[in-house]
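> Questions regarding the structure given below will be posed in turn.
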């Protein structure tokens, strides 16, 4: 845990034991790439066919390796030219014979899946990666979106699973102001998180033509993997399903990088057009979520008032508390 961490120590220790996204795979194609997770500055680079994630400092004089470059599968320190290859092993530098194992990098657990680079700051993660197998179907078409919010990751995750705000916050995109009611729904628990299914009327945005097709009945299915990852599928009456995989990565206690993937087996699905639309939707959400006070998500249910439509978020807060996170949780 960094000395200047914005998290309570107990919360940091718990969150460090989960997989969190830190970059899209294509971002690390050339590298090195900097990323910050739970206030820990990381460097990412490709070596030996895989990705290395390490503390972003050369073990010689502490220079940021992300300011350097990658050559022949090695991250090159911009200060003295030290070379770091697979598993962060120091291979010396030009003009110096042999490796220098005493200068090996402090590496972190890393996994590449779903087009995302994931990092866990502990040797073993508490849960496996979220189950987003839909992205690995042969006929899937997808779009990647990234954004940074000045908001806690938990506030974003709760917003993404909240339907009651759609008729108001998204009235100009896909929300239906004439149908704000949220029907009763059940919340199911499993070891890794929560699921629910709910029928909902939205304004259908045709992501092929860009046209507003008017109100349509849909079926929303949510699968939330603790602590922050949500899979959402939306079934429409007259066109193929749309999938959304959303996970905020806690840069710090009140700053998050949002990873959102929209996907569909629909051969007409236009990633570019949908990126433009979803960027507008995210801006609508961001303005509201960044204004929430307290910035921390209150895990003590007595600190905020809850409505009937809030059942999912109430259960989400209970599950975060059950992980051991504090009632003043700020992630």
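Read-outs throughout are calculated quantities, based only on the coordinates presented, and are distinct from any laboratory measurement. On a predicted model such as this, the values are computed, not experimentally measured, just so you know. Every residue, glycine as well, gets a Cβ built from its backbone with ideal geometry; the counts of neighbours run over all protein chains shown.
> Considering Cα pairs under 8 angstrom that are at least six residues apart, work out the relative contact order of the chain and quote it in whole percent. Show your work: numbers first, answer last.
On the way: 704 pairs, mean separation 57.4, N = 331.
Reported relative contact order: 17 percent.
> Sorting 30, 64 on the 10 Å Cβ count, fewest up front, what's the list?
30, 64
> Still on this structure, please answer the following. Does anyone have the angle between helix 311-322 and the longest principal axis of the chain? Alpha-carbon axes, 0 to 90°, nearest 10?
30 degrees
> Express in whole angstrom the spacing between the alpha-carbon centres of the range 11-72 and the range 150-218.
Rounded to whole Å, the Cα centres lie 34 Å apart.
> Which FRET efficiency, nearest 0.05, do residue 133 and residue 191 yield, Cβ-Cβ r, R0 22 Å?
0.80
> Once you place label points 7 Å from the Cα toward the Cβ at residue 27 and residue 71, how far apart are they in nm?
About 2.6 nm, to one decimal.
> So, in nm, how far is label residue 4 from label residue 301 when the simple model puts each one 7 Å beyond its Cα toward the Cβ?
If labels sit at residue 4 and residue 301, their model points lie 4.0 nm apart.
> Here's another thing I want to ask about it. Using 0.36 nm per residue of separation minus the Cα-Cα distance, give me the extension gain between residue 213 and residue 93 in nm, one decimal. Kindly include the intermediate steps, with their values, before the conclusion.
Details: separation 120, 0.36 × 120 = 43.20 nm, distance 6.13 nm.
Taking 0.36 nm per residue and subtracting the Cα distance, the gain is 37.1 nm.
> Still on this model: What is the extension gain from residue 290 to residue 61, computed as 0.36 nm multiplied by their sequence separation minus the C-alpha to C-alpha distance, in nm to one decimal?
78.7 nm
> By counting other Cβ atoms within 10 Å of each Cβ, how are 181, 13 ranked from fewest to most?
Fewest to most other Cβ atoms nearby, the residues stand as 181, 13.
> Kirkwood hydrodynamic radius of the range 257-331 from all distinct Cα pairs, in Å?
Numbers: mean 1/r = 0.0659 Å⁻¹.
Over the range 257-331, the inverse of the mean reciprocal pair distance is 15.2 Å.
> Roughly how many nanometres apart are two label points built 7 Å out from the Cα toward the Cβ at residue 41 and residue 276?
Simple spin-label model gives 3.9 nm for this pair.
> Starting with the fewest neighbours, write out 209, 230, 63 ranked by other beta-carbon atoms found within 10 Å of each beta-carbon. Let's see the in-between values first.
On the way: 209 11, 230 23, 63 17.
The most exposed by this proxy come first: 209, 63, 230.
> May I ask for the equivalent-ellipsoid semi-axes of the range 139-322, computed as the square root of five times each C-alpha gyration tensor eigenvalue and listed largest first in whole Å?
On the way: eigenvalues 132, 68, 53 Å².
After scaling each eigenvalue by five and taking roots: 26, 18, 16 Å.
> Work the Kirkwood hydrodynamic radius out for the range 9-120: mean of 1/r over every pair of different alpha-carbon atoms, inverted, in Å.
14.0 Å
> Just from its helices, what would the mean residue ellipticity at 222 nm be for the chain, if runs of 4 or more DSSP H residues each count -39500 (n - 2.57) and the sum is divided by every residue, rounded to the nearest 500 deg cm²/dmol? Could the numbers behind the result be given before it?
Details: 5 runs with 50 residues, N = 331.
About -4500 deg cm²/dmol.
> Note the angle between two axes, namely the Cα long axis of helix 271-289 and the longest principal axis of the Cα atoms of the chain, as a number of degrees from 0 to 90, rounded to the nearest 10.
Result, in degrees: 80.
> Return an integer: the convex hull volume of the alpha-carbon atoms of the range 60-120, in Å³ per residue.
That works out to 101 Å³ per residue.
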